[in-house]
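Read the structure below first, then the notes.
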Amino acid sequence: MSKIEVKDLYLIFGSKHKQALELVKKGMSKDKVLEKTKCTVAVKDANFSIEQGEIFVVMGLSGSGKSSLIRCFNRLNEPTAGSILLDGKDVIKMNDDQLRQLRRTEMSMVFQHFGLLPHRSVLANTAFGLEIQGVSEAESYEKAREMIKTVGLEGYEDMMTGELSGGMQQRVGLARALTTNPEILLMDEAFSALDPLIRTNMQDELIELQRKLKKTIVFITHDLDEALKLGDRIAILKDGKIVQIGTPEEILVNPADDYVRAFVENVDRSMIVTASSLMFKNTGKLILEKDGPSLALRRMREMGVNRLPVVDRENVFLGFVRDNDAVELKKKDDRDLNKILIKDVMPKVAPDTPAADLLPLFIDKQLPLPVVDDDGKLLGVAVHSSVIAEVTGRDREEIIEIKNSGGL
Amino acid sequence: MEKLDIGKYIESAIDSITQHAGPVLDGIALVIEGIVDGLQNALLSAPSWLIMILMALIAYYVQAGGLKLARTKKGFRKGFGLAIFTIIGLFLLLWMDYWEETMQTLALVLASAFLALLTGIPLGIWAARNSKADQVIRPVLDFMQTMPAFVYLIPAILFFSVGNVPGVVATVVFSLPPAVRLTSLGIRGVPEEVVEAAQSFGSTKRQLLFKVQIPLAMPTILAGVNQVIMLALSMVVIASMVGAAGLGERVYSGILQAKVGLGFEAGLGIVILAIILDRVTQALGGLGKK
């Protein structure tokens with residue numbers, strides 16, 4: 001069972017939200033509903049589930065309803081219709097006591113502008129969640145100190161939060177959220193207010209932290225790079241509606257519609273797209289033990305290439321043969337491909353190698369890159385043109401054209 | 001057409017209150033009397049030099065920014081001036097033989113401000129948390145602030161006859177609005193995200209109020225305290241028309257007898273008191289901050 005399941009969730013702001021809900025369900029657009037009922041449709045028919053231990057990113061532009069959506073999880077916003085099942089229990093049906101218990105022990109939130117208490121020290125801020133629960137000061141401060149250490153703020157316990165930089169303040173926010181030891185962490189644009197450099201640091205540290213803590217994290221962002229970096233899965237939100245859910249690579253390689261495509265266009269794809277999605281799987285290959293030069297040449301002609309990878313019977317990659325060498329070998333009437341096998345082939349690459357790391361490997365080499373799994377078995381080959389195409393965002397034909405015409 | 005006579009209805013309303021709510025009014029009068037008399041007796045029975053030193057010390061500590069900072073050089077530099085001013089100012093009043101009047105006025109101001117804050121701050125909290133209450137309270141406050149202050153004296157006399165009590169009542173009514181308004185403003189001004197953060201950790205409404213909203217609104221609430229005290233001081237002079245004792249009484253008799261000197265002397269006393277009270281209450285917001 002999924003950790004969180006969101007079913008048919010609607011969130012509409014405004015006094016006539018019931019009437020607005022009817023209209024939205026009938027298919028009326030957001031603008032029309034606003035015009036007719038003065039109600040804002042923030043979230044429309046959201047359906048998705050979040051697995052235990054994953055970082056689930058909700059991404060969208062400002063006004064897309066992502067912050068409204070995350071506030072439904074702990075009911076800072078009261079959803080208009082639908083259900084949110086947490087371990088099978090519906091959060092929306094909880095009474096005040098149950099809800100308070102949920103907020104105190106199961107879900108914590110990290111805010112864009114930190115939401116810290118300026119009249120309290122770092123330590124007292126971090127202990128806030130436990131203090132609210134009525135935990136003794138000694139105990140809550142002890143746990144808070146531990147968390148402050150975890151987020152790397154040791155030594156700053158007695159400072160006031162206003163004396164800290166933005167990055168440090170957000171560490172306090174994170175420590176405060178973790179001190180109650182919740183299973184679920186809601187992060188609302190948690191790093192958006194930070195400088196780019198500090199932001200990258202915080203992202204790395206969150207990933208590191210998550211490796212240890214294994215929380216279920218719902219992360220809101222408007223930044224696709226951040227979403228791709230952090231997300232195990234990403235949901236893309238547009239006008240309150242989810243347009244696509246998938247892994248970062250799925251979203252990059254198969255954008256669901258023009259909206260997602262427009263998003264994806266400006267991404268540094270080279271860091272996300274990996275060897276496995278840009279390699280050719282059906283390259284044709286030769287099996288060393290049984291195939292000879294004639295077959296090699298014929299297959300090269302079929303495929304329109306001048307070299308083929310060679311494997312053994314177990315599909316373990318051995319090397320490449322080139323057409324010229326095969327012709328020579330055929331002239332000598334020799335059938336042993338071993339003699340013309342180029343063995344000292346450039347590094348073999350793993351399927352999860354990002355495109356950016358593939359590029360340098362092509363320097364001074366004529367041959368494609370073999371993509372192999374952990375056992376050395378051949379999965380496919382990556383060629384220059386497709387890697388360059390991926391990194392630059394141009395298509396292959398375009399690149400070949402540029403190449404033929406002698407550059408730009 | 002016969003003229004519309006609102007005054008008649010107000011009169012009859014006041015009449016019926018005096019008739020039916022007599023015991024309640026007596027109770028209120030008793031409490032106010034007790035507070036004012038207690039304060040006046042305390043201030044007047046202590047030797048004047050003790051009061052001077054005490055007030056100078058309070059001024060010094062508050063201006064310096066709290067007990068800790070008062071021992072530092074920086075704190076000394078900040079607190080020193082007002083302390084000296086307090087001593088000199090009060091000594092001047094003692095020398096002019098206005099000590100008793102000054103202490104009476106101080107007692108009236110403190111009693112009125114205390115009562116105004118006691119009712120104003122909870123009302124402000126209520127108005128901040130309940131928009132319906134706010135909609136009702138707001139126009140009432142507007143009314144209270146724009147109605148000429150003298151008008152309050154008339155029902156005050158009818159309810160409580162003459163003396164300190166009607167003076168305090170009129171002063172409380174006059175100085176109440178900023179306590180309500182600034183408390184409400186301060187609480188509404190607490191950043192939404194901080195309130196949400198407190199809620200997201202499962203705060204009850206009470207925890208939210210006392211751990212987050214009031215502490216964060218404190219500077220604004222304290223600005224309200226300053227306003228209340230200054231308004232109370234200005235009203236206490238007017239309240240002397242209904243027999244409230246103190247410096248105001250002297251100013252009033254100065255007016256009646258057309259004695260410029262008398263009015264000016266007493267007025268000077270009010271100015272000195274005003275400066276001390278203003279600086280002290282303004283500095284309250286900075287307590288405990290570096």
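Take the residues of segment A:254-265 that are free of Cβ contacts under 8 Å to residues at least 12 places away in the same chain and not in a helix (DSSP H, G or I): which is surrounded by the most Cβ atoms within 10 Å (Cβ to Cβ)? Reasoning before the result, please.
Let us first name the residues in segment A:254-265 that are free of Cβ contacts under 8 Å to residues at least 12 places away in the same chain, namely A:254-255, A:258, A:261-262.
So of that shortlist, the ones also not in a helix (DSSP H, G or I) come out as A:254-255.
Values: A:Asn254: 13, A:Pro255: 19.
Within segment A:254-265, the match that is surrounded by the most Cβ atoms within 10 Å (Cβ to Cβ) is A:Pro255.
What about A:Pro182, is it crowded, with 18+ Cβ neighbours inside 10 Å, touching a helix residue (DSSP H, G or I) at 6+ places or on another chain (Cβ under 8 Å) and either of a type in the set (Val, Ile, Thr) or within 22 Å of A:Arg145 (Cα to Cα) (or both)? Outline the logic, then answer.
Details: crowded, with 18+ Cβ neighbours inside 10 Å: yes; touching a helix residue (DSSP H, G or I) at 6+ places or on another chain (Cβ under 8 Å): yes; either of a type in the set (Val, Ile, Thr) or within 22 Å of A:Arg145 (Cα to Cα) (or both): yes.
Criteria met by A:Pro182.
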Across segment A:95-106, the tally of residues that are within 7 Å of another protein chain (Cβ to nearest Cβ) and touching a helix residue (DSSP H, G or I) at 6+ places or on another chain (Cβ under 7 Å) stands at 2
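Being without any contact (Cβ under 8 Å) to a residue 60 or more places away in the chain and assigned to a helix (DSSP H, G or I) is the filter; apply it to segment B:187-197 and report the residue that is surrounded by the most Cβ atoms within 10 Å (Cβ to Cβ).
Restricting attention to segment B:187-197, the residues satisfying the condition of being without any contact (Cβ under 8 Å) to a residue 60 or more places away in the chain are B:189-197.
Within this subset, residues satisfying the condition of being assigned to a helix (DSSP H, G or I) are B:192-197.
On the way: B:Glu192: 11, B:Glu193: 16, B:Val194: 20, B:Val195: 18, B:Glu196: 18, B:Ala197: 28.
Filtering first and then ranking leaves B:Ala197.
Being outside any strand (DSSP E or B) and of a type in the set (Val, Ile, Thr) is the filter; apply it to segment A:216-253 and report the residue that is surrounded by the most Cβ atoms within 10 Å (Cβ to Cβ).
Filtering segment A:216-253 down to residues outside any strand (DSSP E or B) leaves A:222-232, A:239-240, A:247-253.
Right, trim to of a type in the set (Val, Ile, Thr) and you get A:247, A:251, A:253.
Numbers: A:Thr247: 14, A:Ile251: 27, A:Val253: 17.
Within segment A:216-253, the match that is surrounded by the most Cβ atoms within 10 Å (Cβ to Cβ) is A:Ile251.
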Among the residues of segment A:39-77, the number that are in a loop (DSSP other than H, G, I, E, B), within 14 Å of chain B (Cβ to nearest Cβ) and in contact (Cβ under 8 Å) with a residue 60 or more places away in the chain is 2
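Is it the case that A:Arg171 is within 26 Å of A:Ser192 (Cβ to Cβ), charged (D, E, K, R) and not in a loop (DSSP other than H, G, I, E, B)? Reasoning before the result, please.
Details: within 26 Å of A:Ser192 (Cβ to Cβ): yes; charged (D, E, K, R): yes; not in a loop (DSSP other than H, G, I, E, B): yes.
It is true that A:Arg171 is within 26 Å of A:Ser192 (Cβ to Cβ), charged (D, E, K, R) and not in a loop (DSSP other than H, G, I, E, B).
Tally time: how many residues in segment A:305-340 are closer than 20 Å to A:Val371 by Cα and either in contact (Cβ under 8 Å) with a residue 24 or more places away in the chain or out of contact with any Lys or Arg (no Cβ under 7 Å at 6 or more places or on another chain) (or both)? Even if it seems obvious, please write down each step before you answer.
Residues of segment A:305-340 that are closer than 20 Å to A:Val371 by Cα, as a first pass: A:305-322.
From what's left, either in contact (Cβ under 8 Å) with a residue 24 or more places away in the chain or out of contact with any Lys or Arg (no Cβ under 7 Å at 6 or more places or on another chain) (or both): A:305, A:307-321.
Counting residues in segment A:305-340 that are closer than 20 Å to A:Val371 by Cα and either in contact (Cβ under 8 Å) with a residue 24 or more places away in the chain or out of contact with any Lys or Arg (no Cβ under 7 Å at 6 or more places or on another chain) (or both) gives 16.
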Of all residues in segment B:144-157, which are under 14 Å from B:Met241 (Cα atoms) and either among the charged types (D, E, K, R) or touching a residue at least 24 places away in the same chain (Cβ under 8 Å) (or both)?
B:Ala149, B:Phe150, B:Leu153, B:Pro155, B:Ala156, B:Ile157
Pairs only if they're at least six apart or on different chains, beta carbon under 8 angstrom, first in segment A:200-215 and polar (S, T, N, Q), second surrounded by 12 or more Cβ atoms within 10 Å (Cβ to Cβ); list them, first residue then second.
A:Asn201/A:Gly167; A:Gln203/A:Phe191; A:Gln203/A:Glu226; A:Gln203/A:Lys229; A:Gln203/A:Leu230; A:Gln210/A:Ile55; A:Gln210/A:Ile217
Boolean, A:Met160 is modelled with pLDDT of 90 or more, within 12 Å of chain B (Cβ to nearest Cβ) and over 28 Å from A:Arg75 (Cβ atoms):
yes
The condition from (1) away from chain B (no Cβ under 14 Å); (2) under 21 Å from the mean Cα position of the chain (by Cα) that A:Ile92 misses is numbered (2)
Residues that are within 22 Å of B:Thr102 (Cβ to Cβ) and not charged (D, E, K, R): list the helices (runs of 4 or more DSSP H) wholly contained in segment B:1-79 that include at least 3 such residues.
B:22-45, B:48-64
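If we keep just the residues of segment A:185-218 that are more than 18 Å from A:Gln169 (Cα to Cα) and hydrophobic (A, V, I, L, M, F, W, C), which is farthest from the chain's Cα centre (by Cα)? Can you show your working first?
Residues of segment A:185-218 more than 18 Å from A:Gln169 (Cα to Cα): A:207-208, A:210-218.
Those still in the list that are hydrophobic (A, V, I, L, M, F, W, C) too: A:207, A:213, A:217-218.
On the way: A:Ile207: 11, A:Leu213: 18, A:Ile217: 12, A:Val218: 12 Å.
The extreme case among them is A:Leu213.
Tell me which helices (runs of 4 or more DSSP H) are completely within segment B:212-290 and hold 1 or more residues being touching a His at 6+ places or on another chain (Cβ under 8 Å) and surrounded by fewer than 17 Cβ atoms within 10 Å (Cβ to Cβ), or say none if there are none. Walk me through how you get there before you give the answer.
Values: elements: B:214-239, B:247-256, B:260-284.
Helices (runs of 4 or more DSSP H) meeting the threshold: B:214-239.
Every residue in segment A:107-139 that is closer than 25 Å to A:Val218 by Cα, more than 10 Å from chain B (Cβ to nearest Cβ) and either small (Gly, Ala, Ser) or surrounded by fewer than 20 Cβ atoms within 10 Å (Cβ to Cβ) (or both), please.
So the first thing to find is which residues in segment A:107-139 are closer than 25 Å to A:Val218 by Cα, and the list is A:107-117, A:122, A:125-133.
Then keep just the ones that are more than 10 Å from chain B (Cβ to nearest Cβ); that gives A:122, A:126-127.
Matches in segment A:107-139: A:Ala127 only.
The values are calculated or read from the model by the stated rules, or taken from the named source; none is laboratory data. Given the structure is predicted, the values throughout are model-derived calculations rather than measurements. Reconstructed Cβ throughout: ideal geometry from the backbone, glycine too, with neighbour counts over all protein chains shown.
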